[in-house]
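The structure under discussion appears below in the form of structure tokens.
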Amino acid sequence: MSWAHKDLIAIQDLSRDEILTILEASTSFKEISRRDIKKVPTLRGKTVVLLFYEASTRTRLSFELAAKRLSADTVALSASGSSFQKGETIMDAALNVLAMAPDCIVIRYPHAGLPQKLARELPCSVINAGDGTHEHPTQALLDMYSMKERFGSLEGLRVAIVGDIRHSRVARSNVYGLTKVGAHVTVVAPDTLLPPGIRGWGVEVSRELDPVLKDADVVMMLRVQKERIDEQFFPDEREYAYFYGLNRRRVDLMKEGAVIMHPGPMNRGVEITHDAADGDRSIILNQVENGVAVRMALLYLSMGGNVDAD
Ligand code: CP
């Protein structure tokens, strides 16, 4: 197995084997976070810059922890408090960051396409931590890792992705990845929250949640992406929760062994109730733990690590 990329921009760019290589490499990194001393010298002397021009809790913290646990130096910059507020363009900011010789830039940006442009123009590694509605590749990798950890294989797994598919980069990256590795994906949403061109995604589409629940191994709930919505896509949150929210009644429809996932942040009471989010079937916090391991693997691989090394 091999990894020959300096950057990770999109799951669409990866082959099935490359996805499975990353998932396999992540396993050895997971154990490090469970040690008393959570640090190895693997990336000593490397510098990782975190550029987060959009809000984040999980992705930013887990990239920072991942880099630190591998002994890389980290610095973080967000839009607020940076010269972005004085009108500096993101490309100028990136060139200034580059002049300080980072080995890797992790970038989150509210619009699609910037990570790809940076990867093309900068010699250091670039990792996309979410760009607009385009992709969130590391989220999909940690989601697939969490599913593989639970079920052993992704081949033939039945995954329901429920909610705001239209505005969700998590949905896109998961659909691209899961279909490549042989999972069967059903997206569940009202017509207004389905993207144009959904027919070309290689997934089943359902406007009703209840019938999908009895067959799904994984039920992945998505937040309505209010920050990307400037028009009304459903009458109100109560009605949305009634038709598309995961609650105790719906959890009882799920088959034995099926699990609940959510990339976070959750809107409790809208797409998911406390019962569902905090109950026995939820693996939501496992996803968060696995995010650190997967990001350790990606930092290691993108900065020249050998997948066959210890
Ligand atoms: N899942 C995810 O991207 O969460 P954050 O926005 O908190 O990083």
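What follows is calculated from the coordinates using simple rules that are stated; it is not laboratory data. Source: prediction; values computed, not measured. As a convention, Cβ positions derive from the backbone with ideal geometry for all residues, glycine included, and neighbour counts pool all protein chains shown.
Among Ala276, Val212, Thr138, whose Cα lies farthest out toward the positive end of the dipole of the stretch 137-284, if unit charges sit on the beta carbon of Lys, Arg (+1) and Asp, Glu (-1)?
Checked the options; the winner is Thr138.
Taking Cα pairs under 8 Å and at least six residues apart, what relative contact order does the stretch 1-120 come out at, in percent?
Values: 121 pairs, mean separation 34.3, N = 120.
After rounding, I find 29 percent.
Which part of the stretch 101-145 falls in the paramagnetic zone of Glu88, meaning amide N under 14 Å from the point 7 Å along Cα-to-beta-carbon?
Within reach of a label on Glu88: 101.
Looking only at Phe29, Phe52, Phe84, which one moves most when the chain is put into a Gaussian network model with springs between Cα atoms under 10 Å?
Checking each option, the largest mean-square fluctuation is seen for Phe84.
In whole Hz, with x marking every Gly and Pro, tabulate ³J(HN,Hα) for the stretch 95-104 from phi via Karplus 6.51 cos²θ - 1.76 cosθ + 1.60, θ = phi - 60°.
Result, ordered by residue: 5, 5, 4, 4, 4, 8, 6, x, 8, 8 Hz.
Rounded, prolate or oblate: which fits the stretch 154-200, taking a ≥ b ≥ c as square roots of the Cα gyration tensor eigenvalues, rounded meaning a/c under 1.5, else prolate when a/b beats b/c? Spell out each step's value before the answer.
Working: a/c = 2.10, a/b = 1.85, b/c = 1.14.
Verdict is prolate for the stretch 154-200.
Note the full-extension length gain between Val75 and Asp13 as 0.36 nm times their separation in residues minus their Cα-Cα distance, in nm to one decimal. If you can, show how the numbers build up before the last one.
On the way: separation 62, 0.36 × 62 = 22.32 nm, distance 2.75 nm.
This chain segment gains 19.6 nm when fully extended.
Between Ser153 and Ser28, what is the spin-label point distance in nm, taking each point 7 Å from the Cα along the Cα→C-beta axis?
With each label placed 7 Å out from Cα toward Cβ, I get 2.5 nm.
Using +1 on the beta carbon of Lys and Arg, -1 on that of Asp and Glu, and nothing else charged, what's the dipole of the stretch 62-108 about the Cα centre, debye to 20? Write down the numbers at each step before the final one.
Details: 4 positive and 5 negative charges, 32 e Å.
For the stretch 62-108, the charge dipole is close to 160 debye.
Give the long-range amide H neighbours of Leu8: residues separated by 5 or more places, or on another chain, with amide H under 5 Å away, using H modelled in the peptide plane at 1.01 Å from N.
Val126, Ile127, Asn128
Sketch the reach of a paramagnetic label on Met100 as a point 7 Å from Cα along Cα-to-Cβ, and name the residues of the stretch 124-148 whose backbone nitrogen lies under 17 Å away.
124-127
Does the stretch 228-310 come out rounded, prolate or oblate, given a ≥ b ≥ c as the square roots of the eigenvalues of its C-alpha gyration tensor, rounded meaning a/c under 1.5 and, failing that, prolate meaning a/b above b/c?
The shape class here is oblate.
Is there a quick way to get the dipole size of the stretch 178-279? I mean about its Cα centre, with the Cβ of Lys and Arg at +1 and of Asp and Glu at -1; what is the value in debye to the nearest 20? Display every interim value, and only then the final one.
Values: 13 positive and 17 negative charges, 41 e Å.
Value, rounded to 20: 200 debye.
Taking R0 as 25 Å, what's the FRET efficiency between Glu208 and Asp280 from their Cβ-Cβ distance, rounded to 0.05? Show your work: numbers first, answer last.
On the way: r = 25 Å, r/R0 = 1.00.
The pair Glu208/Asp280 has a calculated efficiency of 0.50.
State the number of lysine pairs found in the chain whose Cα atoms come within less than 19 Å, restricting to pairs 8 or more positions apart or on distinct chains.
13
Once you place label points 7 Å from the Cα toward the Cβ at Asn306 and Tyr242, how far apart are they in nm?
6.2 nm
Looking at the chain from every direction and averaging, what is the projected area of its Cα convex hull in nm²?
Numbers: hull surface 63.6 nm².
Its Cα hull, projected and averaged over all orientations, spans 15.9 nm².
Determine the dipole magnitude for the chain: charges of +1 sit on the beta-carbon of Lys and Arg, -1 on that of Asp and Glu, nothing else is charged, the reference point is the Cα centre, and the result goes in debye to the nearest 20. Walk me through the numbers on the way to the answer.
Values: 38 positive and 41 negative charges, 100 e Å.
Computed charge dipole of the chain: roughly 480 debye.
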